[in-house]
Amino acid sequence: MAGFRAAAAAGRSIVDLLGSQFATVLPSGTGPTVLLAGVGDLANAGAMAQSSVTVHVHRVAVDTRIRPLPHRLPDGSPAAPELGLELHVLVTAWDASADRELEWLGLAAQVLNAAPVLAGPRLHATGDWSPTDALEIVPETLTVADMAALFTAVGIVMRPSLAYVARGIRIAAPPASVDPLGVLR
């Protein structure tokens with residue numbers, strides 16, 4: 001199980017995968033910069049680097065498929081179960097050329113389709129991952145209305161984007177020293 005930084009590390013893992021594959025496939029100097037973008041970055045889209053592909057986490061949800069039954073520690077005290085998270089991600093290309101944007105989205109889709117599971121060295125080290133952790137990246141279907149709402153919320157015109165869900169983030173319960181209220185005991 002990973003540490004509390006795993007959600008951010010999962011986003012960085014996707015950015016690293018896309019960035020390395022873009023650098024390998026596209027001729028030197030012609031590829032975009034791949035960035036993990038927050039709402040503030042998207043809201044300031046006019047200042048966003050042209051020739052970029054952004055990975056934007058627009059929603060974090062609890063993955064109820066991962067929540068196991070509570071169990072007990074060896075001393076008999078209750079142990080907090082791990083927490084499963086899902087990241088709902090938009091991959092968006094930004095360039096003056098619509099042709100390049102669509103090429104980059106096509107390449108991003110190809111890369112994520114070819115590597116739907118990230119594990120081991122493909123997981124960003126800041127997540128404090130265990131050897132058995134794996135991140136599954138699956139396409140997500142969003143309606144045009146859902147996409148428009150996401151872009152409207154940050155005040156920019158809707159752009160062609162790919163939607164994915166990153167699943168398999170399993171965050172370990174905090175150590176007892178991080179339990180000031182005694183809730184986990």
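What to note about this one:
- Residue that is farthest from the chain's Cα centre (by Cα), among those in the range 46-92 that are modelled with pLDDT under 70 and either among the small types (G, A, S) or under 25 Å from F22 (Cα atoms) (or both): A79
- Which numbered condition P160 fails, given (1) within 22 Å of T33 (Cα to Cα); (2) buried (at least 16 other Cβ atoms within 10 Å of the Cβ): (2)
- Test result for E86, surrounded by 14 or more Cβ atoms within 10 Å (Cβ to Cβ) and over 26 Å from N44 (Cβ atoms): yes
- Filter result (basic (K, R) and either assigned to a strand (DSSP E or B) or over 18 Å from S20 (Cα atoms) (or both)) within the range 111-163: R159
- Considering residues of the range 110-153 that are touching a residue at least 60 places away in the same chain (Cβ under 8 Å) and touching an Asp or Glu at 6+ places or on another chain (Cβ under 9 Å) only, the residue surrounded by the fewest Cβ atoms within 10 Å (Cβ to Cβ): R122
- Scanning the range 126-171 for residues that are charged (D, E, K, R) and farther than 17 Å from W94 by Cβ yields D128, D133, E136, E140, D146, R167, R170.
- The set of residues in the range 93-128 being within 18 Å of A8 (Cβ to Cβ) and within 15 Å of the chain's Cα centre (by Cα) consists of L118, A119, R122, L123, H124, A125, T126, G127.
- Failed condition for V183, given (1) over 30 Å from G29 (Cβ atoms); (2) at pLDDT 90 or above; (3) not in a strand (DSSP E or B): (2)
- Here F4 meets the list (1) within 21 Å of L85 (Cβ to Cβ); (2) aromatic (F, W, Y); (3) surrounded by 19 or more Cβ atoms within 10 Å (Cβ to Cβ) almost entirely, failing just condition (3).
The values are calculated or read from the model by the stated rules, or taken from the named source; none is laboratory data. The shown structure was predicted, so the numbers you read here are calculated from the model rather than taken from an experiment. All Cβ positions, even for glycine, are placed from backbone atoms using ideal geometry, and neighbour counts span all protein chains on display.
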